[in-house]
Structure formats: C-alpha cells, structure tokens
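Here is the structure we will look at.
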Amino acid sequence: IPHPAGGLSMFNPNEDGVVTALQFHSELGILFVMGSFERLSKTGEVCQGLAAWEVASEKWTCLADPSFRVQPIFGQNMLLSPYGLLIAGRAFGASSWPYSDKPYAIALLT
C-alpha cells in the first residue's frame, strides 16, 4: 500500500531522495519501493528510483533499468497485481519509450 503521507525521507544521509510509493508482496516477503532516490545505501549501488527489499535476506535489489526508466509523478503510482508490478509515470528522456508526444507510460514488471 502506498504510504499515506505521499513520501518518506531517507534517514541515512548517504541515501539520497524520497520514497513516493510502497507495495508489499506478503507471500514473497518483498517490499517494492519507488521514488526519487539515486543509490542503495547498504551496497552503494546506483539505483534510479525503483528497488525491492527482500525481508528474509535483508537484501536490496535495484529494479531500475535506464532503458525503461519511468519518473514517478506524485505518489501512489505503483500497484502490485496478480500479473506483476505495475508502475506509472513520465518516461524519462533516456528511456526507450518512442512516443515523445505521449510521455506518460505504464510498465509491467514480471
């Protein structure tokens, strides 16, 4: 469920940005996180705005791919469905989205 306040500030100063949406897969124990951030603090890995936290292993996995980057707009733009994780937003300039006249996209991560 997306955070009701619309975002969470990162506590650690090495973590840049704000989380704008959260979705938790209770069967797999995975918290999906979307927002305006640039790095996973535990590993230092560059990660632009989309990641998953595996609860059991306490491990971050970056889900962001520069070719398919979607910039979040406002909050609550991520939905966990039976088909996968849906994310919505504005296609980032460097993404492979070919429709510059229709910059908003919905992506399905499976």
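When the range 63-87 is filtered for residues that are of a type in the set (A, V, I, L, M, F, W, C), at pLDDT 80 or above and open to solvent by 30 Å² or more (accessible area, probe 1.4 Å), the ones remaining, listed by number, are 63, 64, 79, 80, 86. Scanning the range 91-104 for residues that are modelled with pLDDT of 80 or more and either of a type in the set (Lys, Arg) or outside any loop (DSSP other than H, G, I, E, B) (or both) yields 102, 104. You will find that of 41, 26, the residue that is modelled with pLDDT under 80, of a type outside the set (A, V, I, L, M) and surrounded by fewer than 17 Cβ atoms within 10 Å (Cβ to Cβ) is 41 and no other.
The values are calculated or read from the model by the stated rules, or taken from the named source; none is laboratory data. Please read all numbers here as calculations on a predicted model, not as lab measurements. Quick reminder, even Gly has a Cβ in these numbers, built from the backbone with ideal geometry, and neighbours come from all protein chains shown. Surface accessibility is based on the protein's heavy atoms, side chains included, excluding ligands, DNA and RNA. Shrake-Rupley method; radii C 1.70, N 1.55, O 1.52, S 1.80 Å.
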